[in-house]
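For reference, the structure discussed in these notes is given below.
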């Protein structure tokens, strides 16, 4: 199938063919006809498979059929995204698909002045892409009204719920008309999303384009057992590989991200750091530098990395093990895009082995262990023979036990004080 078979508006077809789009991905091929028919949709596919176009193209198509002009536009489309980076990425995609028609799109998010965003909204917008917090602020200011929204999208729903946006999502959803088309897209569909889908979707079509527990076949995965204190040194060694052209390194905390970046920069390596405490300007600058290969190593927390979409990313490195198996799947999905191969390396300390065990249970196999010079002396697990040997040794009586037992049964000697007192008395 080609995009010509999807019966999209001529202006959209022209825009995407000029951008090099030839054949729809599996999620696009299945989702676009369903959405053009007006059905609600719960969609799941691995990251990097084109979910954005799957909901953007039908939305632009429907709005373009009855185009609006000028400032008196009703807001017809709403897309919720968990992070600023993802909102900007979605906005760029919408701009690409709608550049040959009059559909107007705007992204609003925190970290930027509200004034500029308010002015653009007042000029008229067809589709609004927003993070939940900033959208609620604009709604409370009576700047954004959702009473005419016809198309409602929640993108990366799993991450949105992980970040604690569930109450915000419910509040926003209650302000959108019940007569609407709703689309939920996510890399995974845990039970929490199943529950939310029942509340928001009306008789939806469900599309799961890949087994959720299956890792990407094009990603080579390995685990390194390493003490926490040696992780940065091992990272420095790993980055020397000639096969590593660019690496996204995941760090659990914002503070840890800054500390590792500072240490690596001090050692002469030019790296960038990306996390929630960075200003929007700083985040955009470091992302641009990474995408333009001005720096080839980017340290990031999971939340900040949600909107990163780079086709040529060769390696993903888990400096800290992810807290959930779903997070692991999302991390390794950053590499091996556009049909290319990639590598995912995980650094696992002793107190993180339970996290590794959860990941391995989720993907259905044990990750290959990569040997290295800084590997802890203790083995991953003790064999039964070693365990039995230790148990038998623990049952043996300690050396000198017989002499010790004889000594404690001897009559205690009188102290010098008692002996002197007896002599004095006599």
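Derivation of every value follows stated rules applied to the coordinates shown; laboratory data play no part. Keep in mind it's a predicted model, so treat the numbers as computed, not measured. Don't worry about glycine lacking a Cβ; one is built from the backbone with ideal geometry, like all the others, and counts go over all protein chains shown.
Here are the numbers for the structure shown:
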| quantity | calculated |
| --- | --- |
| For segment 3-208: relative contact order, % (alpha-carbon pairs under 8 angstrom, 6 or more apart) | 28 |
| Segment 1-140 - convex hull of alpha carbons, volume per residue in Å³ | 117 |
| Sorted by Cβ neighbour density within 10 Å, fewest at the top, the residues 249, 34, 125 | 34, 125, 249 |
| Footprinting exposure proxy for 242, 91 (fewest neighbouring C-beta atoms within 10 Å first) | 242, 91 |
| Mean Cα-pair separation over length for segment 219-363, i.e. relative contact order, pairs under 8 Å, 6 or more apart, % | 34 |
| Taking 39, 243 and counting other C-beta atoms within 10 Å, the order from fewest to most | 243, 39 |
| Cα principal axis extents for segment 165-301, largest first, Å | 58, 36, 30 |
| Segment 219-363: C-alpha gyration tensor shape, a/c 1.5 cut-off, then a/b vs b/c | rounded |
| Gain in span if fully extended, residue 266 to residue 142, counting 0.36 nm per residue against the direct Cα distance | 39.8 nm |
